[in-house]
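The values are calculated or read from the model by the stated rules, or taken from the named source; none is laboratory data. Quick caveat, the model's predicted, so the values are computed rather than measured. Surface areas here come from the heavy atoms of the whole protein model, side chains and all, with no ligands, DNA or RNA. Shrake-Rupley method; radii C 1.70, N 1.55, O 1.52, S 1.80 Å.
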Amino acid sequence: MSADLDLSPPEVSEPTFFESLLRYGLLLGAIFQLVCILAIIIPTSKSHEQVETSELVVNRTSEQNKKPKAPVQQIRQKLKKESKKKR
């Protein structure tokens, strides 16, 4: 009965070119994904500061753009009042 069991390792054929290309392509893709995940987890301090300063610049320019709008509205209201007074 023990003679019937074949415990020798199976024969493994030599990998083809496509199989080896696929293996190394998947390995390269996995390394790329790990690098991307690490880039998200560990941000660099310089780029973070640049983003904050650019946001501040955007906020300042938007505030400057909002300030001239207020006098325009006041001018319109004054014109309306003057036109009502003339009637």
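Counting only protein heavy atoms and a 1.4 Å probe, tell me what percentage of the range 1-40's accessible area is made up of carbon and sulfur.
The C+S portion of the solvent-accessible surface of the range 1-40 is 71 percent.
Counting only protein chains, not ligands or nucleic acids, how are Glu19, Glu11 ordered by accessible area (probe 1.4 Å), most first?
Glu11, Glu19
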